[in-house]
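Here is the structure we will look at, set down as structure tokens.
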Amino acid sequence: MTIEKKIVWNEFKDYFFITLGLIMYTISFTVFLMPYEIVAGGVTGLSAIIYYATGFHLENTYIIINLVLLVVALKVLGFKFMMKTIYAIFTLYFLLIFAQSILPTQENGLPIKLLGEGQDFMSMIIGCVITGIALATVFSHNGSTGGTDIIAATVNKYHNVSLGSVLFAVDFCIIGSCMFFPQFGDYVERAHKVMFGFCVMAMENYVLDYVMNARRQSVQFMIFSEKWQEIANSIGTEMNHGVTILDGHGWYTGKKMKVLCILARKNESVNMFRLIKMIDPNAFVSQSRVIGVYGEGFEEMRVKINKKEITDTKS
């Protein structure tokens, strides 16, 4: 496959999985969260709060807020960076309209409660698991649902504040705004909505992090074998992995030997063990989980460095 075809294929794959994630998010939100008036963070959550309180259609609020944020973000982040975000915003807008048009409704205009009356907590759990997986699918393919993600990316560009901290602060304010809408009932009922919203935020973020980290989880292999040269060659050529060769000295045997050190993705473990066993079934292998691996082929070091710090280091 040529480089041009590979780029086109990767772009197609990104847009396919972004669309799939948005479909999952729409199903979760309109089937499990919206019917029970469960609040959530993000622009979708804010739009839902306004809809529950005023009856103004959430998809209209969603697109209005995102269009305002897009105008700001296009100047700050650039059009190329925002392409997939723009696609996701408009796709989710039309998906929300379509989903609400085909779902049967209650007397109050909300979609029917699929799990029945009094199943708010169970519906919240199912909804949060699906939305967490959906958002992870979108984010892991270079996409974004817009809204608070745009705010976080803009703040992160000019200030040394993590994306997670900004998203948490914005979502906290959005969910907490329920306390100022008397349409949700007295203070006890409003506090109930807010606490449910915080549960949604925590559970969504947990599922999102779990799915994202499961894909990126790395492990370290330490391989002790007399056939170290063959194993190193196979790992380098067949698995396209770098191999570090360390000098070892056995305390019991008194022999000098070579130890192979390899960092790889956790989902590559089976292939790694199969390759080692094919060459040397008697090899001694240690596998351990590492907290993070940064550099070529793994994660990028997402640390912002000021120009002053670079100057001070060089001097």
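Residue-by-condition table, conditions (1) modelled with pLDDT of 85 or more; (2) closer than 20 Å to residue 204 by Cβ:
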site: 4; (1), (2): no, no
site: 13; (1), (2): yes, no
site: 22; (1), (2): yes, yes
site: 28; (1), (2): yes, yes
site: 32; (1), (2): yes, yes
site: 35; (1), (2): yes, yes
site: 43; (1), (2): yes, yes
site: 57; (1), (2): yes, no
| query | Restricting the search to the range 108-119, which residues are open to solvent by less than 80 Å² (accessible area, probe 1.4 Å) and out of contact with any Phe, Trp or Tyr (no Cβ under 7 Å at 6 or more places or on another chain)? | reply | 109, 110, 111, 112, 115, 116, 118, 119
| Conditions: (1) assigned to a strand (DSSP E or B); (2) open to solvent by less than 40 Å² (accessible area, probe 1.4 Å); (3) among the aliphatic types (A, V, I, L, M). Residue 246 meets all but one. Number of the miss? | (2)
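Could you please give the count of residues in the range 227-259 that are acidic (Asp, Glu) and in contact with a strand residue (DSSP E or B) (Cβ under 6 Å, 6 or more places away or on another chain)?
Taking the range 227-259 and keeping what is acidic (Asp, Glu), we get 230, 238, 247.
Subsequent filtering for residues that are in contact with a strand residue (DSSP E or B) (Cβ under 6 Å, 6 or more places away or on another chain) retains none.
Final tally of qualifying residues: 0.
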| Looking at the range 249-275, which of its residues are touching a helix residue (DSSP H, G or I) at 6+ places or on another chain (Cβ under 6 Å) and part of a helix (DSSP H, G or I)? | 275
| query | Taking the range 100-114, which residues are touching a residue at least 24 places away in the same chain (Cβ under 8 Å) and more than 17 Å from residue 51 (Cβ to Cβ)? | reply | 114
| Given the residues 225, 269, 218, which is the only one that is among the polar types (S, T, N, Q), modelled with pLDDT of 85 or more and within 24 Å of the chain's Cα centre (by Cα)? | 269
| note | If we take the range 1-107, then helices (runs of 4 or more DSSP H) inside it with 3 or more residues that are surrounded by fewer than 16 Cβ atoms within 10 Å (Cβ to Cβ) and of a type outside the set (Val, Ile, Thr) are 3-28, 58-77, 79-102
| field | Residue under evaluation residue 205, criteria (1) closer than 30 Å to residue 73 by Cα; (2) open to solvent by 80 Å² or more (accessible area, probe 1.4 Å); (3) touching a residue at least 60 places away in the same chain (Cβ under 8 Å), criterion not met | value | (2)
| request: Check whether at least one residue in the range 122-140 is within 24 Å of residue 60 (Cα to Cα), open to solvent by less than 50 Å² (accessible area, probe 1.4 Å), modelled with pLDDT under 85 and not in a helix (DSSP H, G or I), and report yes or no. | output: no
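The values are calculated or read from the model by the stated rules, or taken from the named source; none is laboratory data. What you see is a predicted model; the values in this text were computed from it and never measured. Cβ sites come from the backbone with ideal geometry, for glycine too, and all protein chains shown count toward neighbours. These accessible areas exclude ligands, DNA and RNA; they are computed on the full protein's heavy atoms, side chains included. Shrake-Rupley method; radii C 1.70, N 1.55, O 1.52, S 1.80 Å.
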